[in-house]
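Asks: There's a structure below that I have some questions on.
The values are calculated or read from the model by the stated rules, or taken from the named source; none is laboratory data. Please read these numbers as outputs of a predicted model, since none were measured by experiment. Here the Cβ is made from the backbone with ideal geometry for all residues, glycine too, and neighbour counts use every protein chain on show. SASA here: full protein model, heavy atoms, side chains in, ligands and nucleic acids out. Shrake-Rupley method; radii C 1.70, N 1.55, O 1.52, S 1.80 Å.
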Amino acid sequence: MAKKVRVLSIDGGGIRGIIPAVILSELEKATGKPIARLFDLIVGTSSGGVLALGLVIPGEDGKPKYTADDGVRLYMGEGRRIFSRSALHKVRSVWAVEGEKYPARGIEAVFSEYYGEARLKEAITPVVVTSYEIERRTPFFFKSEAAKSDEAEYDFPMSQVARATTAAPTFFEPARLTTTSGARTYSLVDAGIFANDPAMCALAEARSMRLGDDVLIASLGSGESTEPILYQRAAQWGLRQWAQPLFGISFDGTSSTVNYQLRQLLPENRYYRFQAKLNECSDAMDDTSSTNLRALELLGQSIVDENADAFQELCDQLS
């Protein structure tokens, strides 16, 4: 019998990363195993990349340092520090019209504390984190297996990888990373612009790694926007007004496309997508109000509850 290759894909979404973090926490509780032991490959974009990296940091006795619940606490506890700015920064950036919305110091401080000295090559489960190289105009994939085989060119501190995958245009300035050898420097932004749902990338990576032909994918979303863009408003918009809405359109559009593609390519019991509408939550990536944080947490739990049969089926296949 062919080996079943278990792949986890985690969408981006800024503070909405609370949603997949809650689902992962429930998955660990239901199986009694850490996420790093349940999957053979973990792939994440933006906030999904932050979670993916955190789940594969080695701790004591070869066990993962963090649980999925720690990921929930990261966003619930540090969200305001990640998305923080002074009144002076607001003025200098002209409220994000003439500069990035948030200075990088907050997010970089959080990532430095969370990941410590951990490096990509140390991942206890193969992990892939997406980004986009703006000078070379090409997708960029941080791969732990490549880092292990060629440390000088592909290994980076996890804190820097997290910074690169979350460098959402207009929110944060691009990340600048230099290889250990010093031979190359990369200018990177959030890959949500092309792969907010990285599940298709995950399938391609599983195939290229030759892990096996029988692939099972668990894909976790970070909520779908429900607020319509009315024609009467959009017809009058120019470049400045379209900047932020285009993010949501790109995120939801690419995610829906990937979901359609994988439902055609994989059997029903080999593809599980957990996603929901943001009916009671803000669709903003940076709404860190107490009310919204709690609403996101509750939505993650409701996704598990309302998809109980599929969730249990997934747990049975993983364990």
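Asks: With respect to Val304, is the statement that it is of a type in the set (A, V, I, L, M, F, W, C), closer than 22 Å to Gly71 by Cα and assigned to a helix (DSSP H, G or I) true?
Replies: Numbers: of a type in the set (A, V, I, L, M, F, W, C): yes; closer than 22 Å to Gly71 by Cα: yes; assigned to a helix (DSSP H, G or I): yes.
Spelling it out, Val304 is indeed of a type in the set (A, V, I, L, M, F, W, C), closer than 22 Å to Gly71 by Cα and assigned to a helix (DSSP H, G or I).
Asks: Among the residues of the stretch 129-142, what is the count of those that are open to solvent by 10 Å² or more (accessible area, probe 1.4 Å) and under 22 Å from Ile35 (Cβ atoms)?
Replies: Taking the stretch 129-142 and keeping what is open to solvent by 10 Å² or more (accessible area, probe 1.4 Å), we get 132, 134-141.
Imposing the further condition that a residue be under 22 Å from Ile35 (Cβ atoms) reduces the set to 141.
Counting residues in the stretch 129-142 that are open to solvent by 10 Å² or more (accessible area, probe 1.4 Å) and under 22 Å from Ile35 (Cβ atoms) gives 1.
Asks: Based on this model, can you work out whether Gly77 counts as open to solvent by 30 Å² or more (accessible area, probe 1.4 Å), modelled with pLDDT of 95 or more, under 27 Å from Gly300 (Cα atoms) and out of contact with any Phe, Trp or Tyr (no Cβ under 6 Å at 6 or more places or on another chain)?
Replies: Yes: the conditions hold for Gly77.
Residue-wise test of (1) open to solvent by less than 40 Å² (accessible area, probe 1.4 Å); (2) outside any loop (DSSP other than H, G, I, E, B).
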| residue | (1), (2) |
| --- | --- |
| Pro228 | no, no |
| Gln236 | no, no |
| Gln241 | no, yes |
| Leu246 | no, yes |
| Thr257 | no, yes |
| Arg263 | no, yes |
| Arg273 | yes, yes |
| Glu280 | no, no |
| Asp287 | no, no |
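Asks: Please verify whether Val110 is among the β-branched types (Val, Ile, Thr), modelled with pLDDT of 95 or more, in a helix (DSSP H, G or I) and open to solvent by less than 10 Å² (accessible area, probe 1.4 Å), treating the condition exactly as stated.
Replies: Yes, satisfied.
Asks: Could you say which residue among Arg105, Arg207 is surrounded by fewer than 17 Cβ atoms within 10 Å (Cβ to Cβ), under 25 Å from Arg16 (Cβ atoms) and free of Cβ contacts under 8 Å to residues at least 24 places away in the same chain?
Replies: Of the residues listed, the single one that is surrounded by fewer than 17 Cβ atoms within 10 Å (Cβ to Cβ), under 25 Å from Arg16 (Cβ atoms) and free of Cβ contacts under 8 Å to residues at least 24 places away in the same chain is Arg105.
Asks: Now a separate question. Of the residues Ala164, Ala234, Ala206, Ala175, which single one is more than 29 Å from Ser84 (Cβ to Cβ) and modelled with pLDDT of 95 or more?
Replies: After applying the criteria, what remains is Ala206.
Asks: If you don't mind, another one. Can you list residue pairs whose Cβ atoms sit under 7 Å apart, with the first residue in the stretch 227-254 being within 22 Å of Thr166 (Cα to Cα) and among the basic types (Lys, Arg) and the second being open to solvent by less than 80 Å² (accessible area, probe 1.4 Å) and outside any helix (DSSP H, G or I)? Count only pairs 6 or more apart in sequence or on different chains.
Replies: The qualifying pairs are Arg240/Val97.
Asks: Please determine, by comparing only the residues of the stretch 22-34 that are farther than 26 Å from Ala164 by Cβ and assigned to a loop (DSSP other than H, G, I, E, B), which one is most open to solvent (accessible area, probe 1.4 Å).
Replies: Of everything passing the filter in the stretch 22-34, Lys33 is most open to solvent (accessible area, probe 1.4 Å).
Asks: So, one more: Answer with yes or no whether Glu297 is open to solvent by 80 Å² or more (accessible area, probe 1.4 Å), of a type in the set (D, E, K, R) and either within 30 Å of Pro228 (Cα to Cα) or in a strand (DSSP E or B) (or both).
Replies: Against the criterion (open to solvent by 80 Å² or more (accessible area, probe 1.4 Å), of a type in the set (D, E, K, R) and either within 30 Å of Pro228 (Cα to Cα) or in a strand (DSSP E or B) (or both)), Glu297 does not qualify.
Asks: When the residues of the stretch 149-171 are filtered to those that are farther than 17 Å from Val127 by Cα and part of a loop (DSSP other than H, G, I, E, B), which remaining residue is farthest from the chain's Cα centre (by Cα)? Write out each step before concluding.
Replies: Pass one, the stretch 149-171, residues farther than 17 Å from Val127 by Cα: 152, 167-171.
This time we only want the ones that are part of a loop (DSSP other than H, G, I, E, B), so: 167-171.
Numbers: Ala167: 12, Ala168: 12, Pro169: 15, Thr170: 18, Phe171: 16 Å.
Among those that are farther than 17 Å from Val127 by Cα and part of a loop (DSSP other than H, G, I, E, B), it is Thr170.
Asks: Filter the stretch 143-161 down to residues that are in contact (Cβ under 8 Å) with a residue 60 or more places away in the chain and open to solvent by less than 30 Å² (accessible area, probe 1.4 Å) and give me whichever is nearest to Val189 (Cα to Cα). Reasoning before the result, please.
Replies: The first filter runs over the stretch 143-161 and keeps only residues in contact (Cβ under 8 Å) with a residue 60 or more places away in the chain, leaving 143-145, 158, 161.
From what's left, open to solvent by less than 30 Å² (accessible area, probe 1.4 Å): 144, 158, 161.
Numbers: Ser144: 19, Met158: 15, Val161: 11 Å.
Here the residue is Val161.
Asks: What are the residues in the stretch 35-73 that are outside any helix (DSSP H, G or I) and open to solvent by 10 Å² or more (accessible area, probe 1.4 Å), if any?
Replies: The answer is Asp40, Pro58, Gly59, Lys63, Pro64, Lys65, Tyr66, Thr67.
Asks: Something else: Need the failing condition index for Thr180 against (1) in a strand (DSSP E or B); (2) open to solvent by 50 Å² or more (accessible area, probe 1.4 Å); (3) in contact (Cβ under 8 Å) with a residue 24 or more places away in the chain, just the number.
Replies: Checking Thr180 against (1) in a strand (DSSP E or B); (2) open to solvent by 50 Å² or more (accessible area, probe 1.4 Å); (3) in contact (Cβ under 8 Å) with a residue 24 or more places away in the chain, the one that fails is (1).
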